[in-house]
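Have a look at the structure below, then the notes.
Derivation of every value follows stated rules applied to the coordinates shown; laboratory data play no part. Owing to the predicted nature of the structure, the values given are computational and were not obtained by experimental measurement. In this analysis, Cβ positions are derived from the backbone assuming ideal geometry, glycine residues included, and neighbour counts consider all displayed protein chains.
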Amino acid sequence: MFLAEQGVPNLKLVLLTCIGGYLSAGGANALNMYIDRDIDALMDRTSQRPLVTGMVSPVECLVFGIALAIVSTLLFGFTVNWLSAWLSLGALLFYVVVYTMILKRRTSQNIVWGGIAGCLPVLIGWSAVTDSMSWAPIILFGVMFFWTPPHYWPLSMKVKEDYARVGVPMLPVIASNKVVARQIVIYSWVMVAVSLLLTPLGYTGWFYTVVAVAAGGMWLWEAHGLQNRAKAEVTGTKLKEMRLFHWSITYVSVLFLAIAVDPFLR
């Protein structure tokens, strides 16, 4: 939103967009837990979710998820704009239907294409300010698209026994660590390259470029480190796959903070 405004966006608009986004994400997560309640009970990582423990009934969860989806869409439509509303609803439906119901249990590419839902918020933030689209949010969409697999696959490597137990074919379940690490490196290089497109197209300046190069360099260092350990057939805690997972969160936070600060330094 700072990039779209090239400065500080209307704070009321930011607040409404954040509330709408939180409600939409909450609805998507509730519906995801409703659909996945059978396998959540069998996975250590999800065994304490409300439906599994009985804190919330399936019907309550379903109604809550649908209600949040409706409220978030209407909130976006009547207080932000309808382009943002449809993008938000599209993200929710893509996550619930395409990822959770269709891809997750059928293909190792589930997180690649299912991750599109998590890329749409950058489009929503831009459209909230401009009520239109441009190349800048599309580039950021690309960054998030190529960020998602190397962000999630290290975590999947850590808990692959969980996924294997319930028959979810995450890439680390069906492929060796070497194969997964190679894919992580490929996606990482593309992600960093895409992140650098904003400056030559005139959307960002020197500050963002410096941060993107430095943060991207750190990411690539970690990604190649994981690949080297995987090639050496290191396993267990010595694989240190979670280092890249944790850095991925830091990376995307730093990158978007740089995007917000950059307009003030140009």
Exercise. If you project the alpha carbons of the chain onto their three principal axes, what span does each projection cover, largest first, in Å?
Worked result: 48, 47, 25
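Could you tally the net charge around ALA223, taking each other residue with its Cβ under 15 Å from the Cβ of ALA223, Lys/Arg +1 and Asp/Glu -1?
On the way: positive: LYS178, ARG182, ARG229, LYS231, LYS240, ARG243; negative: GLU222, GLU241.
Cβ neighbours under 15 Å give a net charge of +4.
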For this session: Give the relative contact order (percent, whole number) for the chain; include only Cα pairs under 8 Å separated by 6+ residues.
Result: 19
Problem set entry | Pair-distance profile P(r), taking every C-alpha pair of the stretch 100-180, with 10 angstrom steps and integer % | 18, 41, 24, 14, 3
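Please report, in cubic angstrom per residue, the volume enclosed by the convex hull of the alpha-carbon atoms of the stretch 1-158.
Details: hull volume 18.4 nm³, N = 158.
Value for the stretch 1-158: 116 Å³ per residue.
Set the Förster radius R0 to 30 Å, insert the Cβ-Cβ distance between SER134 and ILE102 as r into 1/(1 + (r/R0)^6), and round the FRET efficiency to 0.05. List each step's numbers first, then the result.
Working: r = 30 Å, r/R0 = 1.01.
The formula returns an efficiency of 0.50 here.
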Seminar exercise, completed: If each K or R counts +1 and each D or E counts -1, the residues other than GLU161 whose Cβ falls under 12 Å of its Cβ total +2
For this session: Do me a favour and compute the ellipsoid semi-axes for the stretch 148-266 from its Cα gyration tensor, root of five times each eigenvalue, largest one first, whole Å.
Result: 31, 13, 12
Seminar exercise, completed: Length gained if ILE66 through ARG266 is fully extended, taking 0.36 nm per residue and subtracting the Cα-Cα distance, is 67.6 nm
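How do SER24, SER156, SER108 line up, fewest other C-beta atoms within 10 Å first?
Working: SER24 27, SER156 21, SER108 18.
Fewest-to-most ranking of SER24, SER156, SER108: SER108, SER156, SER24.
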For this session: Report the residue, chosen from MET55, MET33, MET43, that carries the largest GNM mean-square fluctuation when the chain is represented by alpha-carbon nodes joined by springs under 10 Å.
Result: MET55
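Taking 0.36 nm per residue of sequence separation and subtracting the Cα-Cα distance, how much length would be gained by fully extending the chain between TRP86 and ILE174, in nm to one decimal? Spell out each step's value before the answer.
Working: separation 88, 0.36 × 88 = 31.68 nm, distance 3.57 nm.
Once the chain is fully extended between TRP86 and ILE174, it gains 28.1 nm.
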Exercise. Once you list every other residue whose beta carbon is under 15 Å from the beta carbon of GLY65, what net charge do they have if Lys and Arg are +1 and Asp and Glu are -1?
Worked result: -1
Seminar exercise, completed: 1/(1 + (r/R0)^6) with r = Cβ-Cβ of HIS224 and ASP38, R0 = 51 Å, i.e. FRET efficiency to nearest 0.05, evaluates to 0.85
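Going by C-beta contacts inside 10 Å, put HIS224, HIS246 in order with the fewest on the left. Walk me through the numbers before you get to the answer.
Details: HIS224 15, HIS246 12.
Starting with the residue having the fewest Cβ neighbours, the order is HIS246, HIS224.
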Problem set entry | Gaussian network model of the chain, Cα within-10 Å springs - most flexible of ASP44, ASP36, ASP162 | ASP44
Seminar exercise, completed: With x for Gly and Pro, the residue-by-residue ³J(HN,Hα) of the stretch 135-144, computed from phi through the Karplus equation 6.51 cos²θ - 1.76 cosθ + 1.60 at θ = phi - 60° and given in whole Hz, is 5, 4, x, 5, 5, 5, 4, x, 4, 5
